[in-house]
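The values are calculated or read from the model by the stated rules, or taken from the named source; none is laboratory data. Being a predicted model, the structure only gives us computed values, none of them experimental. Methodologically, a virtual Cβ is constructed for each residue, glycine included, from the backbone with ideal geometry; neighbour enumeration extends over all protein chains shown.
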Amino acid sequence: MKKCAVFCGSRAGNHPAYLEAAKTLGKAMAKRNTELIYGGASVGIMAAVADAVLENGGRATGVLPRFLGDREIAHEKLTELHMVDTMSERKQMMAKLSDGFISLPGGIGTMEEYFEMLTLGYLSQHQGKSGLLNVNGYYTPLMTFFDHMQEQGFIDQKTREGMIVKEDPERLLDIIFPE
């Protein structure tokens, strides 16, 4: 069974497309027998993707820092829930348990997780691919910034072209987990 870490917001965001995309991704993951590894919360986009996986017969594993237990509220119906002490431990465990990484819209934590996995992949510290699900144009400004980084000589063309950004969850899964 493939395992995919999904980084995403503990909030729902201001557009219904964000929750819908999380549900679509979760359903697609369950259909493909791809286990969800995520932040373990029962709120926001996190809950939407986990619920969709579980409602469609899939496996969902959460990794939640104890100190966030009250704020993010641990999901009680998960296949498995790991409680850790720090955000660093959360990220390390999610990376260790996963074969690939997808970032849905989210805030600072989502960005930090995405950038660390992108960097670790670039440095060959893990083999999993990292991709962005560009829902409602959410990541378009970031792609513009990556283009700027390349133009200014801080990343090369190969690195920039290797950044996976798709609007369709099925297509993103196809690239992260090629058959």
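Can you name the residue in the range 1-31 that is in a strand (DSSP E or B) and charged (D, E, K, R) and is also farthest from ARG90 (Cα to Cα) among such residues? Let's see the steps before the verdict.
Narrowing the range 1-31 to residues in a strand (DSSP E or B): 2-7.
Among the residues that remain, those that are also charged (D, E, K, R) are: 2-3.
Numbers: LYS2: 19, LYS3: 16 Å.
Top of the filtered list is LYS2.
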The lone condition GLY9 fails out of (1) crowded, with 16+ Cβ neighbours inside 10 Å; (2) farther than 21 Å from GLU167 by Cα; (3) at pLDDT below 95 is (2)
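Being at pLDDT below 95 and closer than 17 Å to CYS4 by Cα is true for just one of LEU81, LEU104, LEU54, LEU118. Which residue is that? Talk me through it step by step, then tell me what you get.
Details: LEU81 fails: at pLDDT below 95; LEU104 fails: at pLDDT below 95; LEU54 fails: at pLDDT below 95.
Result of the check over LEU81, LEU104, LEU54, LEU118: LEU118.
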When you scan the range 149-166, do you find a residue that is under 20 Å from the mean Cα position of the chain (by Cα), touching a residue at least 60 places away in the same chain (Cβ under 8 Å) and closer than 29 Å to LYS96 by Cβ, even just one?
no
Name the pairs: first residue in the range 98-116 and within 15 Å of THR34 (Cα to Cα) and β-branched (Val, Ile, Thr), second residue surrounded by fewer than 17 Cβ atoms within 10 Å (Cβ to Cβ) and modelled with pLDDT of 95 or more, Cβ to Cβ under 8 Å, at least 6 apart or on different chains?
none
Tell me whether the range 52-62 contains one or more residues that are crowded, with 24+ Cβ neighbours inside 10 Å, among the small types (Gly, Ala, Ser) and more than 21 Å from ASP85 (Cα to Cα).
no
Only residues in the range 1-29 that are touching a residue at least 24 places away in the same chain (Cβ under 8 Å) count as the first member; pair them with residues that are among the acidic types (Asp, Glu) and in a strand (DSSP E or B), Cβ under 6 angstrom, at least 6 apart or cross-chain, and list the lot.
MET1/GLU35; LYS3/GLU35
Take the residues in the range 122-145 that are at pLDDT below 95 and either in a helix (DSSP H, G or I) or among the hydrophobic types (A, V, I, L, M, F, W, C) (or both), then tell me which one is nearest to the chain's Cα centre (by Cα).
TYR122
Criterion (surrounded by fewer than 21 Cβ atoms within 10 Å (Cβ to Cβ), modelled with pLDDT under 95 and under 22 Å from ILE176 (Cβ atoms)) met by exactly one of MET93, MET87, MET1
MET1
Quick one: what pairs do we get from the range 54-66, first residue free of Cβ contacts under 8 Å to residues at least 40 places away in the same chain and small (Gly, Ala, Ser), second in a loop (DSSP other than H, G, I, E, B) and surrounded by fewer than 23 Cβ atoms within 10 Å (Cβ to Cβ), C-beta under 7 Å, 6+ apart or different chains?
ALA60/LEU78; ALA60/THR79; GLY62/HIS75; GLY62/LEU78
